[in-house]
Structures are given as C-alpha cells and as structure tokens.
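Reviewing the structure listed below.
The values are calculated or read from the model by the stated rules, or taken from the named source; none is laboratory data. As the structure is a prediction and not an experimental result, all values here were calculated from the model. Please note: Cβ atoms are built from the backbone with ideal geometry, for glycine as well, and neighbour counts cover all protein chains shown.
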Amino acid sequence: MLRHETHRVVRCVAAVLMLGASNMAGADELKPFEASYAWLWHGLNVAVSTLTLEKTGDTWSYRSKSEPRGIGRAFSERPTQASVLRVTDSGVQPLSYRASDGTASTRRAIDVKYDWDKGRLTGVYEDTPVDLPLKAGVQDDASAQVAMMVELLRGHTPDRFQLLNKNAVREYRYTREGEATLQTPLGSIATVIYKSERAGSPRVTRFWCAADRGYIPMRVEQTRGRDVEWTMEIRSLKRE
C-alpha cells in the first residue's frame, strides 16, 4: 500500500497550484525555484520530495523526485517526473511529460508528447497507449503546477482544470477555504488554504499556499473521509 501511495503523492503534488486566489496581478512573476518537503504517511516520515523549476531559453523544465526515509527505505520505488513546457500569452503549453516509479516496471511509467501544430497528444501512460486531440488548457500532472502559478501570478482565478489521466482527461475543481499562518523551518508564513476534489472521488486534497512566495505550497494534505492519508510539509526553499 505504501509503495503505491509514494508514487501517487509525487504526482498529486502536481495539483498543488491548481487553485483559485485573490487578485494579485503584478505582485510577482514566475521564477526558478527548488523546494524540498517531508512526506508523512499516516504520521510517519517516509520520504523527502524535491521539486525544481528551471528556465532554459524559451522553455521551462519542471522536475520532481522522492527519496525514502525511515520505513520508506523498505520499498524499491524512487518516483520521478519531468515536464518541458513553454509559457505563452494564453498560458502554459506542455511539450513533453515523463514519469517513473524508479523501478524496471513500466506499469507506472509515463512518456507523452504534445504536438501543438498537429493538435495531437500521443505516447504511453502506465502501459496505456495515448492518442488524443490536443485542446487548449490540457495539462499533465507536472505542467499543471506551472500553469496555475502563471495564472495566479497574472491575477486570474481559475476554479477547475483538465488533467491528463491515461487516454482521457479528468476535471478537478478548487475552492478557497480560508487563511492560516504556519510555523515552518522558513519561519512564520501567512498562507491561503484551498481544497481540491474530483466528482465521484472520496479523496480531498488541501493546500496551504504562500502568495508572497509565488504561490508555492508550504503544506499539502490529503484526506479520505475523516482520515488523513498523507501530509507534505515544506523543509527548504530556494527561489531566484
């Protein structure tokens, strides 16, 4: 069970910035960063996840990786994901997306490409062939983080997003729940809390996001009913 959760949490972080927010137009801009998080599974520290955003020429690359801690070392998975994308006047356009659980198995591997000229999204997603018409606004688990950063920094308030899932897309909706000040290794940080959920799913994910740090989340928590399944807590942040 833990090994499946480890892979899922890395990809779920991609939803972290699919949020609504108050109008902050011109308050900040998209910047490269590296953030690390402690991942707690049912209260136990089982991994450290690192998220990195870099700019090269006219494209950006977003990467994440997780390394086990404690009882997490008993499992072979070392999840990674990487997305190459470009930022346009209309938003983020992903160009490619790859993910792996770090083992030789292909059942959790993803390798897809976006051909915006031909309007096709093709590749393989967890052993499922992908061949879809490419519509504006479609994102993968990784590019969605940057897409929503861009929207929030431009002062927009999206409340839903279409996310690639195998040979289909799913809609996620977001709701602002309130505000909270967190005590973190970075100090006392003011955050806005958002809730993410998909119709028909028992899981709810909440994000504590810091507007003055480019909407990078300071805390992420997923619940199923009343039970907390996992939590991610910020440990370090370098932002240019």
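Of all the criteria given as (1) under 14 Å from the mean Cα position of the chain (by Cα); (2) of a type in the set (V, I, T); (3) surrounded by fewer than 15 Cβ atoms within 10 Å (Cβ to Cβ), the one not satisfied by V220 is (3).
Against the list (1) surrounded by 14 or more Cβ atoms within 10 Å (Cβ to Cβ); (2) over 25 Å from W60 (Cα atoms), the condition G225 fails is (1). Of the candidates A35, A47, the single residue that is surrounded by 16 or more Cβ atoms within 10 Å (Cβ to Cβ), within 18 Å of R239 (Cα to Cα) and either at pLDDT below 90 or small (G, A, S) (or both) is A35. Listed by first and then second residue, the pairs with beta-carbon distance under 6 Å, at least 6 apart or on different chains, first residue in segment 190-202 and in contact (Cβ under 8 Å) with a residue 60 or more places away in the chain, second surrounded by 13 or more Cβ atoms within 10 Å (Cβ to Cβ) and of a type outside the set (V, I, T), are V192/C209; Y194/L19; Y194/Y174; Y194/R176; Y194/F207; S196/A15; S196/Y172; S196/Y174. Considering A136, A144, the condition of being under 20 Å from V84 (Cβ atoms) and either free of Cβ contacts under 8 Å to residues at least 60 places away in the same chain or more than 18 Å from the chain's Cα centre (by Cα) (or both) is satisfied by A136 alone. Of the strands (runs of 3 or more DSSP E) lying entirely inside segment 107-220, those containing at least 1 residues that are closer than 24 Å to L95 by Cα span 110-115, 120-125, 128-133, 160-164, 169-184. Just checking, does segment 169-178 include any residue being surrounded by fewer than 19 Cβ atoms within 10 Å (Cβ to Cβ), touching a residue at least 60 places away in the same chain (Cβ under 8 Å) and either within 21 Å of S64 (Cα to Cα) or touching a helix residue (DSSP H, G or I) at 6+ places or on another chain (Cβ under 9 Å) (or both)? Checked segment 169-178: at least one residue is surrounded by fewer than 19 Cβ atoms within 10 Å (Cβ to Cβ), touching a residue at least 60 places away in the same chain (Cβ under 8 Å) and either within 21 Å of S64 (Cα to Cα) or touching a helix residue (DSSP H, G or I) at 6+ places or on another chain (Cβ under 9 Å) (or both).
Within segment 103-117, the set of residues being surrounded by fewer than 18 Cβ atoms within 10 Å (Cβ to Cβ) and touching a residue at least 12 places away in the same chain (Cβ under 8 Å) comprises T103, T106, R107, A109, D111, K113, D115, W116.
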